[in-house]
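First up is the structure itself, then whatever we jot down about it.
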Amino acid sequence: MSLKNSLLLTSSLVFAPTILLAAGAAHAEVPNVVVSIKPIHSLVASIMQGVGEPALIVEGAASPHTYSMKPSNASALEKANVVFWVGHGLEAFLEKPLESLGSKAKLVELDDAPGLEKLKFREGGAFEAHDHGDEHEEGAEGHAHGEAGHHHDEGEFDLHLWLDPANATAMAVEIEKTLAAADPDNAAAYKTNLDALNTRLAALDKTLAETVAPIKDKPFIVFHDAYQYFEHRYQVKVAGSITVSPETLPGAARLKQIHEKIVELGATCVFAEPQFEPKLVNVVLEGTSAKSGTLDPEAATLEAGPDLYFQLMEGIGVSLKTCLSNGS
Ligand SMILES: [Zn+2]
């Protein structure tokens, strides 16, 4: 054996057990964490970076509004120590599965996180058909406003909370607190990651404000009423949504109403979303000078992970700016 080889052998013998021990110690303690939707999963993944990886329920291009549980989701929940979700008003499909978990896992409903700014669903105008008059009108379109439709419960808060980076920070604080309590051995890592995430969120906030500054006064139409938090934070001008509740498709009467709204306001862009019928956008655009763009508020087209949240938010800013600054 050459001197070099024997040195290598010695060093690997010395170091290998140390590495194994360290890795083993960390992994034994890491809880199984399951997260409902991609934007929240991204925040959890950031805080768990270097420690572990959370599992995700609503994967791929699926939307939380129309999701049904898969067997793989059920088994992930069975093994979960901690589950993060936004709340009853958003991931209705999770209510029963979570109830059946009983006390086996720590369930964290993030819409209860301290420090969140919560906005109620808006009603009236081009946004909504919450009140009974409108409801009857929509009834003619052939769908029922059931209690299952999360956008319909009176007085309920809009749970697209993540579309404001300040709310993402409030949720991140709650996520870190939960993880540190469930896994004290890694508390220092969670704290370090939280600090880094918050720094990144503050920078994002600044970037977004700059991105949308030139198009603040230009009204636009969105596919579903998901953007209040973004509007509230950055003062952009959503003039209406094609559908109030993504579980139900809008009927002819509503499409006509939105079309008129575009003409009346001179809305320059109508934004589709990747999960939902682009045809409807073309219908409301017809005969107007408005353009179409795409917004992806639930990250259907993005790959899950720590960067997703930032891609999602920056994507909204850039799409708005691109479409609206080309408008006349
Ligand atoms: Zn939504």
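Charges only on Cβ, +1 for Lys and Arg, -1 for Asp and Glu: so what's the dipole of the range 167-228 about the Cα centre, in debye to the nearest 20?
Roughly 220 debye, rounded to the nearest 20.
Residues with amide H under 5 Å of residue 270's amide H, sequence separation 5 or more or different chain, H placed in the peptide plane at 1.01 Å from N; which?
Answer set, sorted by chain and number: 221, 291, 292, 293.
If you put +1 on each Lys and Arg Cβ and -1 on each Asp and Glu Cβ, how big is the dipole of the range 206-326 around its Cα centre, in Debye rounded to 20?
440 debye
List the GluC sites (Glu not before Pro) in the range 82-126 that DSSP assigns to loop (not H, G, I, E or B) and whose Cβ has at most 15 other Cβ atoms within 10 Å. Which are they?
Answer by residue number: 117, 123.
Please list, or write none, the lysines whose alpha carbon is within less than 26 Å of the alpha carbon of residue 106, excluding same-chain residues fewer than 8 places away.
38, 70, 79, 96, 118, 177, 191
At what distance in nm do the modelled label points of residue 301 and residue 61 sit from each other, each positioned 7 Å from its Cα along Cα→Cβ?
Rounded to a tenth, the inter-label distance reads 1.1 nm.
On full extension of the chain, what length is gained from residue 279 through residue 311, given 0.36 nm per residue of separation minus the C-alpha to C-alpha distance?
Full extension from residue 279 to residue 311 adds 8.9 nm.
For 294, 211, what ranking results if the residue with the fewest other Cβ atoms within 10 Å of its Cβ goes first?
Sorted ascending by nearby Cβ count, the order is 294, 211.
With θ set to phi - 60° and the Karplus curve 6.51 cos²θ - 1.76 cosθ + 1.60, what are the ³J(HN,Hα) couplings of the range 240-257 in order, to the nearest whole Hz, using x for Gly and Pro?
With the stated coefficients, the range 240-257 comes to x, 10, 5, 10, 7, 10, x, 6, 10, 7, x, x, 4, 4, 5, 4, 5, 4 Hz.
Please give the peptides 82-88, 49-55 ranked by average Cβ packing (other Cβ atoms within 10 Å per residue), highest first, as a rough proxy for protection.
Packing proxy ranking, top to bottom: 82-88, 49-55.
Given Cα pairs under 8 Å that are at least 6 residues apart, what percent is the relative contact order of the range 206-326?
27 percent
How much FRET efficiency would the formula 1/(1 + (r/R0)^6) give for residue 216 and residue 69, where r is the Cβ-Cβ distance and R0 is 35 Å, rounded to 0.05?
0.30
Name the lysines eligible as straight-distance cross-link partners of residue 291: C-alpha to C-alpha under 22 Å, and not fewer than 8 places from it in the same chain.
Leaving aside lysines fewer than 8 places away in the same chain, those within reach of residue 291 are 216, 218, 237, 256, 261, 279, 321.
Would you mind calculating the gained length between residue 206 and residue 192 on full extension (0.36 nm times residue separation, minus the Cα-Cα distance), in nm to one decimal?
Additional length available on full extension: 2.9 nm.
Residue 120 versus residue 53, label points 7 Å from Cα toward the beta carbon: distance in nm?
4.3 nm
For the peptides 278-285, 169-176, what is the packing order when you average, over each peptide's residues, the other Cβ atoms within 10 Å and list the highest mean first?
Result, highest mean first: 169-176, 278-285.
Taking the convex hull of the Cα atoms, report for the range 37-130 its projected area averaged over all directions, in nm².
Mean shadow area of the hull around the Cα atoms is 7.8 nm².
Looking at the range 206-326, I'd like the Rg to Rh ratio, where Rg is from alpha-carbon atoms and Rh is Kirkwood's inverse mean 1/r.
Reported Rg/Rh (Cα atoms, Kirkwood Rh): 0.95.
Name the residues of the range 245-273 whose amide N is less than 11 Å from a point 7 angstrom out from the Cα of residue 286 along the C-beta direction?
Counting backbone N atoms under 11 Å from the label point, the list is 256.
Could you calculate the contour length gain from residue 322 to residue 252, that is, 0.36 nm times the residue separation minus the distance between their Cα atoms, to one decimal place in nm?
Using 0.36 nm per residue and subtracting the Cα-Cα distance, I get 22.3 nm.
No value in this document is a laboratory result; all are computed from the given coordinates. The shown structure was predicted, so the numbers you read here are calculated from the model rather than taken from an experiment. Cβ atoms come from the backbone with ideal geometry, glycine included; neighbour counts cover every protein chain shown.
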